[in-house]
1. Looking at V186, is it within 13 Å of ligand 1 (Cβ to nearest atom) and assigned to a loop (DSSP other than H, G, I, E, B)?
2. Would you confirm whether any residue within region 115-126 is in contact (Cβ under 8 Å) with a residue 40 or more places away in the chain, within 16 Å of ligand 1 (Cβ to nearest atom) and of a type in the set (S, T, Y)?
3. Step by step: first the residues of region 1-54, then only those that are among the hydroxyl-bearing types (S, T, Y) and surrounded by fewer than 20 Cβ atoms within 10 Å (Cβ to Cβ), then the one that is farthest from P125 (Cα to Cα). Which residue is that?
4. Considering only region 14-60, state which residues are over 23 Å from the mean Cα position of the chain (by Cα) and hydrophobic (A, V, I, L, M, F, W, C).
5. Name the one entry in A258, A305, A319 that is in contact (Cβ under 8 Å) with a residue 24 or more places away in the chain and either not small (G, A, S) or not in a helix (DSSP H, G or I) (or both).
6. May I ask you to list the residues in region 79-127 that are surrounded by fewer than 20 Cβ atoms within 10 Å (Cβ to Cβ) and in contact with a Gly (Cβ under 7 Å, 6 or more places away or on another chain)?
7. I'd like to verify a number: residues in region 139-155 that are out of contact with any helix residue (DSSP H, G or I) (no Cβ under 6 Å at 6 or more places or on another chain) and assigned to a loop (DSSP other than H, G, I, E, B), how many?
8. If the requirement is being of a type outside the set (S, T, Y) and either in contact with a Pro (Cβ under 9 Å, 6 or more places away or on another chain) or within 16 Å of ligand 2 (Cβ to nearest atom) (or both), which of these qualifies: A264, A304, A258?
Amino acid sequence: MKTIIVQADRGVLCEDDLNTAANILRSGGLVAFPTETVYGLGADALNHEASKRIYKAKGRPSDNPLIVHIADPKHMERIARDIPDKAFKLAEVFWPGPLTMILNKKDIVPFSTTGGLSTVAIRLPASGIAKDIISRSGGFIAAPSANVSGKPSPTRAEHVIADLTGKIDMIIDGGKSTLGLESTIVDLSSEEPIILRPGCITKAMIENVIGNVKYDKAVFGKILDEDIKPKAPGMKYRHYAPEGCLTIYEGNIENVIAEINKKAKEITEEGKTVGIIATEETKGLYSYGNIKSLGPREDEDSIAAGLYAVLRDFDDIHADYIFSESFARGDLGQAIMNRLLKAAGYRVVKA
Ligand code: AMP
Ligand code: MG
């Protein structure tokens, strides 16, 4: 399949390209577009055949449901029923933005979009291009991350081009995703709200609006354990994983640096390629391997925005081993560590 690749100019896509994207989506095709979280792979969420195409292009397991993206908050009621007040409140405060809500679905949403579930995930993104595309394409666009399943989510058009050229109809290059981590998912389909995936809208921010919420136990638990079944089916799969073997080092930062240096030396001497995920403060303290800084340690926004790109950079140099410092589990740090732990298959060494 020929993939059309077009570029936005300073965040604005020309009319012709917007119309091409809308026509493709309306006729059941696939278009990858930028959002503030990560790039999404869009298809008409109400068209069973179109959403099946997403699973095929990504190699996504069919029980892993898709998030339906809307451009008008009122459209939530067209696809969800029994919507609690808390959902309207959250929508008012956090939409447009990186918050996905799980609600009971209406019949209009095909089970192929919801992975067979009777609930539907809904988000209204902030990105102008995303909103334009959604509203011109019927208003309900399923858009999981635009990567091959299992790989780190794409935060730049190059990542989408590498994964999906030849498999989808169109890719829209809108520059770097500003946030860099997928949306926070909160389940409001039952009495007690539960965070299924942490993201840039933090637990504290949600609690400010609707009171107590809990994390699903799979958020930080080792979901590879048989006894923890995540409520978001997608959270059980190996995710965000670079090709190399990633290990997180935790503990006093001096010890972490010493341990990583020791390991990196050993492995480099064996002739293998090593990648190190560091910060501005520590990058000068490593003596072996390919060192990448995610920014200043206190700047969680920058760490979140750069994480997936660094994992992909290490794939490009075929790093055999990757060692990462650990990050504080403050507000956004929860989301960063959730992704990093999954990418590492929960390999953590206490230094
Ligand atoms: P992605 O679109 O790649 O960011 O992945 C979407 C995430 O949302 C996956 O982890 C899904 O399992 C989760 N998700 C989507 N719909 C639902 C739903 N109805 N119930 C629970 N989790 C969902
Ligand atoms: Mg994904």
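1. Values: within 13 Å of ligand 1 (Cβ to nearest atom): yes; assigned to a loop (DSSP other than H, G, I, E, B): no.
Criteria not met by V186.
2. Just the residues of region 115-126 that are in contact (Cβ under 8 Å) with a residue 40 or more places away in the chain, to begin with: 115-117, 119-126.
This time we only want the ones that are within 16 Å of ligand 1 (Cβ to nearest atom), so: 115-117, 119-126.
Still in the running and of a type in the set (S, T, Y): 119.
Scanning region 115-126, I find at least one residue that is in contact (Cβ under 8 Å) with a residue 40 or more places away in the chain, within 16 Å of ligand 1 (Cβ to nearest atom) and of a type in the set (S, T, Y), so the answer is yes.
3. Within region 1-54, the subset among the hydroxyl-bearing types (S, T, Y) is 3, 20, 27, 35, 37, 39, 51.
Applying the additional criterion that residues be surrounded by fewer than 20 Cβ atoms within 10 Å (Cβ to Cβ) yields 3, 20, 27.
Values: T3: 24, T20: 20, S27: 22 Å.
Among them, the one singled out is T3.
4. C14, L18, A22, I24
5. Numbers: A258 fails: either not small (G, A, S) or not in a helix (DSSP H, G or I) (or both); A305 fails: either not small (G, A, S) or not in a helix (DSSP H, G or I) (or both).
Unique residue meeting the criteria: A319.
6. A126
7. Applying the first criterion (out of contact with any helix residue (DSSP H, G or I) (no Cβ under 6 Å at 6 or more places or on another chain)) to region 139-155 yields 140, 143-145, 150-151.
Those left that are additionally assigned to a loop (DSSP other than H, G, I, E, B): 140, 143-144, 150-151.
Adding up the residues that qualify gives 5.
8. Values: A264 fails: either in contact with a Pro (Cβ under 9 Å, 6 or more places away or on another chain) or within 16 Å of ligand 2 (Cβ to nearest atom) (or both); A258 fails: either in contact with a Pro (Cβ under 9 Å, 6 or more places away or on another chain) or within 16 Å of ligand 2 (Cβ to nearest atom) (or both).
Selected residue: A304, the only one of A264, A304, A258 that is of a type outside the set (S, T, Y) and either in contact with a Pro (Cβ under 9 Å, 6 or more places away or on another chain) or within 16 Å of ligand 2 (Cβ to nearest atom) (or both).
The values are calculated or read from the model by the stated rules, or taken from the named source; none is laboratory data. Only a predicted model underlies this, so the values are computations on that prediction, with no experimental measurement involved. When we count neighbours, we look across all protein chains shown, and the Cβ atoms used for this are built from the backbone with ideal geometry, even at glycine.
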